[in-house]
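Accompanying notes for the structure given below.
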Amino acid sequence: MIYILSLLISISPPQKIRTNDTPNDAGGSITVEWAPSAEDSLLSGYEIWRSEARDTGFAMVGYVGRGIFKFRDLDDIENGRKYYYRVRGRTKNFEYTDFTQVSPPTIASYQWFNRGKVNTLVAVVTFMIILLYFVTTARRGKGLFVRKITGLDALDEAVGRATEMGRPVLYVPGLSSMSDVATIASINILQRVAKKVAEYDTPLIVPNRDPIVYMVTRQVVKEGYMEAGRPDSYNEDNIFFVTQSQFAYAAAVNGIMIREKPATNLFLGMFWAESLLLAETGNMTGAVQIAGTDSVTQLPFFVTACDYTIIGEELYAASAYLSKEPILLGSLKAQDGGKLIILLLVILGLIGSIFGSHFFAQLLSV
């Protein structure tokens, strides 16, 4: 007992407590730091106490293990209010050292700008400059190179084939909802397809799995017919809701392909396990098939069973590729430019890491 008491008396308290408002945050946080006890190895950790008065009312708000000399207090901190702190060491037997001196008053506040996000700001500004450049270039009539996407180029040919054969075009906008990017991209393509079939006076069949997508596709197809100057040819019965059950929907679409024998099948959007069922059935009927999805797991099935496959981001680029709108083309080229810059930074970061420099790697941290 005497040994333990003498040991405790010899353990010095932590020193040099420092407190400051935590930088780069929205307030509600104060950072406490201190110098370790000279006998830090004899302690199990440190207790952090806080009060709104300098001399009374202290209560413990945190504990850190031995070897840690920094604590971020997030416990009911109010911006604009003064707080005082003190720290003491604790042994495994719950014996304590003396407290440090009470810290000066510290006030938490929010910061207007997070300096840790400067790289994000630079990236956004850089992307906006690239975007404005390409949009301006496109509006001036200068040609912007966009690589050829065979699946999209084949759309007109596929619709023309259906017209020559006197058979309908089947358009499946995927099985996902309107919150899916692939579905939105599919709707953009559907509008162009609807306009084209209206010009050729070819029936267009659009079965839907999602009720909201059904309402959107019906309106988009109607607008396509109106743009083509053929509103009288629009048949709303050809755009219909089937079911929300995945495989029941697939079975219904397969039945349509077998009964109606469309000359062209377009599978564009988000697909899951039913992709091969749809594509294989369409292949058996002898239809020209164009598929597109951003689902990596379903692409092999479409590549195997379809004539043309639009892969991943090619689906997103479809609206710009088909319409040639300056804003859309500029956005597409700006995205490519941004990806190129990121790729170069990744390569430079890799090379820098090999030689012990982490500058470029830190630029990519968010």
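If I ask for residues that are part of a helix (DSSP H, G or I) and either of a type in the set (Lys, Arg) or buried (at least 17 other Cβ atoms within 10 Å of the Cβ) (or both), which ones from the stretch 161-183 would you list? It would help to see each step written out before you state the result.
At the first step, the residues of the stretch 161-183 found to be part of a helix (DSSP H, G or I) are 161-165, 181-183.
The answer is Arg161, Ala162, Thr163, Ala182, Thr183.
Pick from the stretch 22-50 the residues that are among the polar types (S, T, N, Q) and closer than 28 Å to Phe113 by Cβ: which of them is nearest to the chain's Cα centre (by Cα)? Lay out the reasoning, then the answer.
Going through the stretch 22-50, the residues among the polar types (S, T, N, Q) turn out to be 22, 24, 29, 31, 37, 41, 44.
Those still in the list that are closer than 28 Å to Phe113 by Cβ too: 22, 24, 29, 31.
Details: Thr22: 29, Asn24: 24, Ser29: 29, Thr31: 32 Å.
Looking at the filtered set, the residue picked out is Asn24.
Can you tell me how many residues within the stretch 315-362 are at pLDDT below 85 and crowded, with 16+ Cβ neighbours inside 10 Å?
2
Which residues, taken from the stretch 254-278, are part of a helix (DSSP H, G or I) and crowded, with 23+ Cβ neighbours inside 10 Å? Before you say what the answer is, go through the steps one by one.
Kept after step one, since they are part of a helix (DSSP H, G or I), are these residues of the stretch 254-278: 254-260, 275-278.
If the condition is that a residue be part of a helix (DSSP H, G or I) and crowded, with 23+ Cβ neighbours inside 10 Å, then Ser275, Leu278 are the ones that fit.
From Val64, Val118, which residue is more than 30 Å from Phe360 (Cα to Cα) and either in contact (Cβ under 8 Å) with a residue 12 or more places away in the chain or loosely packed, with under 13 Cβ neighbours inside 10 Å (or both)? Full working, then the answer.
Working: Val118 fails: more than 30 Å from Phe360 (Cα to Cα).
Step by step, each of Val64, Val118 is checked, and only Val64 is more than 30 Å from Phe360 (Cα to Cα) and either in contact (Cβ under 8 Å) with a residue 12 or more places away in the chain or loosely packed, with under 13 Cβ neighbours inside 10 Å (or both).
Being within 24 Å of Ser245 (Cβ to Cβ) and more than 28 Å from the chain's Cα centre (by Cα) is the filter here, so list the residues in the stretch 205-223 that pass it.
Answer for the stretch 205-223, where residues must be within 24 Å of Ser245 (Cβ to Cβ) and more than 28 Å from the chain's Cα centre (by Cα): Ile205, Val206, Pro207, Arg218, Val221.
Testing Pro300 on (1) in the same structural domain as Ser176 (by TED's automatic domain parsing); (2) in contact with a helix residue (DSSP H, G or I) (Cβ under 8 Å, 6 or more places away or on another chain), one condition comes back false. Which one is that?
Among (1) in the same structural domain as Ser176 (by TED's automatic domain parsing); (2) in contact with a helix residue (DSSP H, G or I) (Cβ under 8 Å, 6 or more places away or on another chain), Pro300 violates only (2).
Quick check on the stretch 137-145. Is at least one of its residues closer than 23 Å to Asp294 by Cβ and buried (at least 21 other Cβ atoms within 10 Å of the Cβ)?
No, every residue in the stretch 137-145 fails to be closer than 23 Å to Asp294 by Cβ and buried (at least 21 other Cβ atoms within 10 Å of the Cβ).
Filter the stretch 176-206 down to the residues that are farther than 24 Å from Glu313 by Cα and either out of contact with any Pro (no Cβ under 8 Å at 6 or more places or on another chain) or among the aromatic types (Phe, Trp, Tyr) (or both) and list them by number. Working first, answer last.
Of the stretch 176-206, the ones farther than 24 Å from Glu313 by Cα are 197-205.
Within the stretch 176-206, Ala198, Glu199, Tyr200, Asp201 qualify.
Looking at the stretch 28-53 only, could you name the residues that are over 12 Å from Thr106 (Cβ atoms) and part of a loop (DSSP other than H, G, I, E, B)?
Step one: of the stretch 28-53, the residues over 12 Å from Thr106 (Cβ atoms) are 28, 34-49, 53.
Scanning the stretch 28-53 gives Gly28, Pro36, Ser37, Ala38, Glu39, Leu43, Ser44, Ala53.
Mind listing whichever residues of the stretch 28-40 are at pLDDT 90 or above and out of contact with any Asp or Glu (no Cβ under 8 Å at 6 or more places or on another chain)? Spell out the reasoning first.
Taking the stretch 28-40 first, the residues at pLDDT 90 or above are 28-36.
Those that are at pLDDT 90 or above and out of contact with any Asp or Glu (no Cβ under 8 Å at 6 or more places or on another chain): Glu33, Trp34, Ala35, Pro36.
Looking at the stretch 60-92 only, could you name the residues that are among the charged types (D, E, K, R), under 13 Å from Thr106 (Cβ atoms) and part of a loop (DSSP other than H, G, I, E, B)? Give the steps one after another, and end with the answer.
As a first pass, look at the stretch 60-92 and keep what is among the charged types (D, E, K, R): 66, 70, 72-73, 75-76, 78, 81-82, 86, 88, 90, 92.
Those still in the list that are under 13 Å from Thr106 (Cβ atoms) too: 72-73, 78, 81-82, 86.
Residues satisfying the conditions are Glu78, Arg81.
Quick one: would you say Gly292 is under 21 Å from the mean Cα position of the chain (by Cα), surrounded by 16 or more Cβ atoms within 10 Å (Cβ to Cβ) and on the phi > 0 side of the Ramachandran plot? Write out each step before concluding.
Numbers: under 21 Å from the mean Cα position of the chain (by Cα): yes; surrounded by 16 or more Cβ atoms within 10 Å (Cβ to Cβ): yes; on the phi > 0 side of the Ramachandran plot: no.
Answer is no for this residue.
I'm trying to understand the selection: among the residues of the stretch 154-191, which are among the basic types (Lys, Arg) and touching an Asp or Glu at 6+ places or on another chain (Cβ under 9 Å)?
Arg167
Of the residues that make up the stretch 284-304, is at least one part of a helix (DSSP H, G or I), under 18 Å from Tyr171 (Cβ atoms) and of a type in the set (Ser, Thr, Tyr)?
In the first step, residues of the stretch 284-304 are kept if they are part of a helix (DSSP H, G or I); the result is 284, 299-304.
Next, from what is left, pick out any that are under 18 Å from Tyr171 (Cβ atoms): 302.
Adding the requirement that they be of a type in the set (Ser, Thr, Tyr) leaves none.
No, the stretch 284-304 contains no residue that is part of a helix (DSSP H, G or I), under 18 Å from Tyr171 (Cβ atoms) and of a type in the set (Ser, Thr, Tyr).
The values are calculated or read from the model by the stated rules, or taken from the named source; none is laboratory data. Small disclaimer: the values here were computed from a predicted structure and weren't measured. Counting neighbours? That spans all protein chains shown, and the Cβs are built from the backbone with ideal geometry, glycine included.
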